[in-house]
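First up is the structure itself, then whatever we jot down about it.
The values are calculated or read from the model by the stated rules, or taken from the named source; none is laboratory data. Since this is a predicted model, take the numbers as computed values, not measurements. All Cβ positions, even for glycine, are placed from backbone atoms using ideal geometry, and neighbour counts span all protein chains on display. Note: accessible area is taken over every heavy atom of the protein model, side chains too, but ligands, DNA and RNA are not part of it. Shrake-Rupley method; radii C 1.70, N 1.55, O 1.52, S 1.80 Å.
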Amino acid sequence: MSEYNAPLRDMRFVLDELGFLERVRQLPGQEDLGLDLAEAILAEAGRFAEGVLSPLNSVGDRQGARWNEGEVRTAEGWRDAYEQFVASGWNALSCDPQFGGQGLPRLVSALVEEMWNAANVSFGLCPMLTRGAIEAIELRGSDHLKQTYLPQMISGHWTGTMNLTEPQAGSDLAAVRSRAEPAGDGTYRVHGQKIFITYGEHDLTENIVHLVLARVPGAPEGVKGISLFVVPKFLVQPDGSLGARNDVRCVSLEHKLGIHGSPTAVLAFGDNEGAVGWLVGEENRGLEYMFIMMNAARYSVGIEGVGLAERAYQRAVGYARERIQGTEAGTGSRDKVAIIRHPDVRRMLLSMKSRGEAMRALACEVATAMDCAERGADGEQRRQEQAFVDLMIPVVKAWCTENAVDIASLGVQIHGGMGFIEETGAAQHLRDARITTIYEGTTGIQAGDLIGRKIARDGGQAIARLVERMRDVELSLLLADSPELAAIASRLGEAIGALQQAVEHIVVNFDGQMRQVSVGAVPFLELLGLVAGGWQLARSALVAQRQLAAGSSEIGFYQAKLHTARFYAEHLLPRTGSLAHALVHGGDSPLAMADEQF
């Protein structure tokens, strides 16, 4: 079974040659972040991912996390790996230096995060959720909460969780029933049950900091009556040491399709006197605060998709190089060849490769905008960068994860019957990827948010600015005087036109025909993802063409960039026309069916 190899050359291409690192270096406080430092961080992360996390991936899948009387043991080697992770400072990479973080930009941490997820997504889920909890406390927690919890969480010595879902309250958080009763000493007593809590109980750290949605007495019904609380597994003494066990316990672990190494807990709060909790921010604004965590998590889940897609591709291409099967079509030779020589296998591999590279570049585009929105000196520019981030978070989350599932499925297909056998490892990537389109908001939820809040509500202004940037790249392709780039420009131009047609339909019809337009929400999200990915690969093709014209010694690398971009333009961008048609003309048929006709 092959192990993961960090794609450092492509990461350097994205950072440096697509210009993302230079944009971040222009921000206040980031002037010293040079390419050498960024590459050194990525190289060290790659060694950790390859040497420590990747070998544990199949171990975690086989052994899983094990529950015994409320305690949870992670798989063999997990604790040692986590101790190394913390000792190396990886948990603090992009966190606030005020509380022990390293303050690096999201652009760099996103690529590091990709490596954790590619090597061992079950492991990567733990620090991902902790970072989301850190952000919520940083932005809305009191000074007491910040001083008490952030240093230990940022270092990784304590982990964090996000407690939203209840048996009757999945995506509909208005149905949350957990309650929090004031105790008179500034604390609350939390009672209720939460399900699907990733790393809700484990043996990696001595304390777990739960961020919990609950209702206070007299709270309004629905989402406006939800508050957010910090509920630690162990209470923290004034001197920072750990005191008594809080009234929260793990009653079971879920048995899942994939991500077996990650414990998914059912937590009971307040079975006895009540779990002690501290309010984050103000009462009844918990959902607003929780969305801080959710937006961070949604982006990070998209990065999971990027990492899983890369890992599935690596395993598939490695197998295709080694598996000897059949003769090569059209050659007349009777010699057996590796399956990488078969046309359809090549098509599948390029579909995997092109989407993976498009996803990585697009995720870095959004990460760069996150950094600019947070750190930029110009207020109007920060506002526009944030509008772009808000627009694209649903796309990164949903398009990248849907691609990851399909890419992992293609990986099984390339392995043939061996892909259906667990020992090859291809099936695990598919099983692990399948959850990514569901948690932190399903693809349908992301798509509804995209067309409603991010496009219809602002009249399409944010996406219009994005289209302008895409058209600039199309023009650059046409001006490059290259037949290959002109071919890419033609397909990209048509795809942008399909996107504009779809956006106009949403803006004009959403208010009056919300249900019909919503039928096409997921096709539209896929359409935007495809065009945005094509935009990034077109930028890559421009860089590659310039490097080849300048006589670069890396001929193979840059030729592959051109071939990959052209494949994407010819095989994937044409799908945008049918997706736009489905949105514009396909809204009535699903709604015309009576419920009993399904």
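Between region 47-67 and region 328-362, how many Å separate their Cα centres?
29 Å
Dimensions of region 96-164 along principal axes (Cα, Å, largest first)?
37, 28, 20
Would you compute, from DSSP H runs of 4+ residues alone, the mean residue ellipticity of the chain at 222 nm, taking -39500 (n - 2.57) per run and dividing by the full residue count, rounded to the nearest 500?
That comes out to -18000 deg cm²/dmol.
Which net charge results when you count Lys and Arg as +1 and Asp and Glu as -1 among the other residues whose beta-carbon is under 14 Å from that of Glu484? Each step should come with its number before you reach the end.
On the way: positive: Arg491, Arg546, Lys561, Arg566; negative: Asp481, Glu570.
So the surrounding residues net to +2.
When we measure straight from the Cα of Lys353, which lysines land under 20 angstrom away, once same-chain ones fewer than 8 places off are left out?
Cα-Cα hits under 20 Å: Lys397, Lys561.
Charges at C-beta only: +1 for Lys and Arg, -1 for Asp and Glu. How large is the resulting dipole of the chain about its Cα centre, in Debye rounded to 20? Before the final figure, lay out each step's value.
Values: 56 positive and 75 negative charges, 210 e Å.
About 1000 debye.
Around Gln30, with a cut-off of 14 angstrom between Cβ atoms, what is the net charge of the other residues, counting Lys and Arg +1 and Asp and Glu -1? Could the numbers behind the result be given before it?
Details: positive: Arg23, Arg25, Arg106, Arg375; negative: Glu22, Glu31, Asp32, Asp371, Glu374.
Combined, the nearby Lys, Arg, Asp and Glu give -1.
I'm spelling it out carefully: the read-out is Cα Rg over 2.2 N^0.38 Å, the candidates are (i) 0.98; (ii) 1.09; (iii) 1.15, and one was derived from this structure. Which label?
Read-out taken from this structure: (i).
Accessible area per residue of region 251-409 at 1.4 Å probe, in Å²?
On the way: 5800 Å² over 159 residues.
That works out to 36 Å² for each residue.
With every protein chain kept in place and ligands, DNA and RNA left out, what is the accessible area per residue of region 168-222? Probe 1.4 Å, answer in Å².
On the way: 2180 Å² over 55 residues.
Each residue of region 168-222 exposes 40 Å² on average to a 1.4 Å probe.
If you fit an axis through the alpha-carbon atoms of helix 379-415 and take the longest principal axis of the Cα set of the chain, what angle between them do you get, 0 to 90°, nearest 10?
In the chain, helix 379-415 runs at an angle near 70 degrees to the longest axis.
Counting only heavy atoms of protein chains, what accessible area per residue, in Å², does region 436-565 have with a probe of 1.4 Å?
Details: 5420 Å² over 130 residues.
So region 436-565 comes to 42 Å² accessible per residue, rounded to a whole number.
Filter the GluC sites (Glu not before Pro) in region 233-310 to those in DSSP coil with at most 11 other Cβ atoms within 10 Å of their Cβ, and list the result.
Working: sites: Glu254, Glu273, Glu282, Glu283, Glu288, Glu304, Glu310; in loops: Glu254, Glu273, Glu282, Glu283.
Here the GluC sites (Glu not before Pro) that fit, given the DSSP loop and packing criteria, are Glu273.
Sort 255-265, 505-515 by packing, meaning the average of other beta carbons within 10 Å per residue, with the highest value first. It would help to have the intermediate numbers written out before the result.
Working: 255-265: 21.2, 505-515: 15.1.
Going by the mean number of other Cβ atoms within 10 Å, highest first, we get 255-265, 505-515.
Carbon and sulfur together cover what percent of the accessible area of the chain at a 1.4 Å probe radius?
49 percent
Using only Cα atoms and rounding to the nearest 10 degrees, what angle (0 to 90) does helix 106-140 make with the longest principal axis of the chain?
The angle comes out at about 40 degrees.
At q = 0.10, 0.14, 0.21 Å⁻¹, what log₁₀ I(q)/I(0) does a Debye calculation on the Cα points of region 4-154 give, no solvent, two decimals?
The Cα Debye sum returns log10 ratios of -0.40, -0.77, -1.34.
Ordered by packing density, taken as the mean number of other Cβ atoms within 10 Å over each peptide's residues, highest first, how do 413-420, 374-381, 3-10 rank?
Result, highest mean first: 3-10, 413-420, 374-381.
Nearest 10 degrees, 0 to 90: what angle lies between the long axis of helix 521-549 and the longest principal axis of the chain (Cα atoms)?
For 521-549 against the chain, the angle is about 60 degrees.
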